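A.B. asks: My questions all concern the structure below.
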Amino acid sequence: MKMKFRVFDNRNQKILDRPVIEIYHDGIDILTKHREVVDDYVLMQSTGLTDKNGVEIYDGDIVIERFLNQYGEHEIKRVVKWQEKKLGWNLFNPIATSTGMNYEVIGNVHEHPHLLEGENS
């Protein structure tokens, strides 16, 4: 799997278009496509998965998870996160059937925090 990242610029409050990520032995530098240094950022890794519309899912994305089980159809809003203890993404629901589960990216926690108001994600 190819490692992919996107960058949220905290200062300008936006996802950078085609950032440059320079990796060094003691850290990383993030640059805009115009080679300007970004010093306040959030690095978001791709999960390697896509949603039902073919949109790539990244760490920090807000997704609606729709699934079907013996109790009926369900819809849950969640924030995509890496789970250190499980060494995996939190995009697995053990009570859903494998054929009845899907995700739809509706935003991310950095640009769209209002989507989580009143939610337990």
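The values are calculated or read from the model by the stated rules, or taken from the named source; none is laboratory data. Keep in mind the model is a prediction, meaning the values are calculated, not measured. Here Cβ is always computed from backbone atoms with ideal geometry, including for glycine, and neighbour counts include all displayed protein chains. Remember, those area values only see protein heavy atoms, side chains included, never the ligands or the DNA or RNA. Shrake-Rupley method; radii C 1.70, N 1.55, O 1.52, S 1.80 Å.
A.B. asks: Kindly indicate the residue of the range 18-55 that is in contact with a Lys or Arg (Cβ under 6 Å, 6 or more places away or on another chain) and not polar (S, T, N, Q) and also farthest from GLY107 (Cα to Cα) among those meeting that condition.
C.D. replies: LYS33
A.B. asks: Follow-up. Can you name every residue in the range 11-37 that is surrounded by 13 or more Cβ atoms within 10 Å (Cβ to Cβ) and not in a strand (DSSP E or B)?
C.D. replies: LEU16, PRO19, THR32
A.B. asks: Please name all residue pairs, on different chains or six or more residues apart, with Cβ atoms under 8 Å, provided the first residue is in the range 7-23 and is under 18 Å from HIS112 (Cβ atoms) and among the aromatic types (Phe, Trp, Tyr) and the second residue is open to solvent by 40 Å² or more (accessible area, probe 1.4 Å) and not in a strand (DSSP E or B).
C.D. replies: Close Cβ pairs satisfying both conditions: PHE8/HIS110; PHE8/GLU111.
A.B. asks: Let me ask another. Answer with yes or no whether ASP59 is without any contact (Cβ under 8 Å) to a residue 40 or more places away in the chain, among the acidic types (Asp, Glu) and surrounded by 14 or more Cβ atoms within 10 Å (Cβ to Cβ).
C.D. replies: Judged against the criteria, ASP59 is a match.
A.B. asks: Residues of the range 38-55 being open to solvent by 50 Å² or more (accessible area, probe 1.4 Å), part of a strand (DSSP E or B) and either over 12 Å from VAL7 (Cβ atoms) or not hydrophobic (A, V, I, L, M, F, W, C) (or both), which ones?
C.D. replies: Matches in the range 38-55: TYR41, GLN45, LEU49, THR50.
A.B. asks: Within the range 68-107, how many residues turn out to be in contact with a Leu (Cβ under 9 Å, 6 or more places away or on another chain) and at pLDDT below 80?
C.D. replies: Matching residues across the range 68-107 total 6.
A.B. asks: Related question: Could you list, in sequence order, all residues of the range 62-76 that are under 16 Å from the mean Cα position of the chain (by Cα) and surrounded by fewer than 16 Cβ atoms within 10 Å (Cβ to Cβ)?
C.D. replies: Matches in the range 62-76: ILE76 only.
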